[in-house]
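Notes to accompany the following structure.
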Amino acid sequence: PEAAVEPVSEVVYYRAGSAASAMSPDLIPREQAWSGRVLHLTGITAALSDDCRALLRALTARTPGRPLVSFDVNYRVGLWHGAAEGPAVLLDLARGCDLVFVGEDEAEAAWGLRGADAVRAALPEPEILIVKQGGAGATAYARTDSGADDVVHVPALSVDVVASVGAGDAFAAGFLSGTLRGLPIARRLRHGHLM
């Protein structure tokens with residue numbers, strides 16, 4: 001029998017000097033950024049420039065009147081100029097958000113954390129923490145009114161992987177769609193897997 005071969009994909013970043021790298025708190029007024037029900041942010045933006053980091057710090061500040069602030073860590077070593085800078089910035093930004101998505105593999109690479117429980121221990125602030133575990137599924141930690149977490153694990157679907165680029169973004173979109181529709185956490189996770 002033939003062994004399964006993981007598809008190989010190469011990602012090249014052409015972001016230096018891009019329009020996105022010029023974003024700043026002055027260009028994006030808070031009231032416009034906060035005009036929806038959910039504001040979804042990515043750690044990739046924080047890696048682009050000092051002004052982008054300042055923008056994300058402003059948008060993740062716990063301030064009355066903000067919408068649900070969602071954050072996908074998206075740790076990409078190649079985008080950070082200082083090896084130690086990126087992980088610290090991303091952890092700080094994640095702590096200011098209501099909903100955080102992080103891959104178990106990137107949590108280990110960025111912060112040296114192994115396992116979903118260790119990630120939650122390092123990130124107790126978000127109301128909901130989603131730890132993506134690749135082919136094993138995803139685990140959600142959702143804070144209850146008592147302050148304890150409901151922990152829900154949903155296994156991933158069994159699929160033939162054609163290309164993995166964009167899978168995390170699609171998962172987040174599916175989960176957020178379920179969040180906006182008020183679905184229970186397990187159904188949000190399944191919706192993320194389906195996307």
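Structure notes:
- The C-beta contact set for region 21-38 (first residue under 10 Å from Leu59 (Cβ atoms), second residue of a type in the set (Lys, Arg) and open to solvent by 50 Å² or more (accessible area, probe 1.4 Å), distance under 9 angstrom, 6+ apart or interchain) comprises Pro25/Arg57.
- Against the criterion of being β-branched (Val, Ile, Thr), buried (at least 17 other Cβ atoms within 10 Å of the Cβ) and touching a residue at least 40 places away in the same chain (Cβ under 8 Å), Val73 does not qualify.
- In this entry, Arg114 is excluded by the filter for residues that are more than 26 Å from Arg62 (Cβ to Cβ), at pLDDT below 95 and either in a strand (DSSP E or B) or more than 16 Å from the chain's Cα centre (by Cα) (or both).
- One residue from Ala167, Ala148, Ala172 being exposed (fewer than 12 other Cβ atoms within 10 Å of the Cβ) and at pLDDT below 95: Ala148
- In summary, Gly78 fulfils each of the numbered conditions (1) among the small types (Gly, Ala, Ser); (2) within 30 Å of Asp149 (Cα to Cα); (3) out of contact with any strand residue (DSSP E or B) (no Cβ under 7 Å at 6 or more places or on another chain) with the single exception of condition (2).
- Scanning region 138-155 for residues being part of a loop (DSSP other than H, G, I, E, B) and either under 18 Å from Leu176 (Cβ atoms) or of a type in the set (Asp, Glu) (or both) gives a total of 1.
- Yes/no for Thr45 being at pLDDT 85 or above, buried (at least 17 other Cβ atoms within 10 Å of the Cβ) and either outside any helix (DSSP H, G or I) or hydroxyl-bearing (Ser, Thr, Tyr) (or both): yes
- Hey, Trp80 at pLDDT below 90, closer than 19 Å to Glu127 by Cβ and not small (Gly, Ala, Ser) or not: no
- Cβ pairs under 7 Å, 6+ apart, first in region 147-165 and more than 17 Å from His193 (Cα to Cα), second exposed (fewer than 10 other Cβ atoms within 10 Å of the Cβ) and at pLDDT 65 or above: Asp150/Thr144
- Taken over region 56-67, the criterion of being open to solvent by less than 50 Å² (accessible area, probe 1.4 Å) and either assigned to a loop (DSSP other than H, G, I, E, B) or touching a strand residue (DSSP E or B) at 6+ places or on another chain (Cβ under 9 Å) (or both) is satisfied by Leu56, Leu59, Thr60, Ala61, Thr63, Arg66, Pro67.
- Members of region 76-102 found to be of a type in the set (A, V, I, L, M, F, W, C), in contact (Cβ under 8 Å) with a residue 60 or more places away in the chain and either crowded, with 21+ Cβ neighbours inside 10 Å or part of a loop (DSSP other than H, G, I, E, B) (or both), listed by number: Leu99, Phe101
- Taking the listed residues Val12, Val38, the one that is of a type in the set (Val, Ile, Thr) and at pLDDT below 65 is Val12, with no other qualifying.
The values are calculated or read from the model by the stated rules, or taken from the named source; none is laboratory data. All figures in this text were calculated on a predicted structure; none of them were measured in a lab. FYI the Cβ positions are ideal-geometry reconstructions off the backbone, even for glycines, and counts take in every protein chain you see. To get the accessible areas, we keep the full protein, side chains included, count just its heavy atoms, and leave off ligands, DNA and RNA. Shrake-Rupley method; radii C 1.70, N 1.55, O 1.52, S 1.80 Å.
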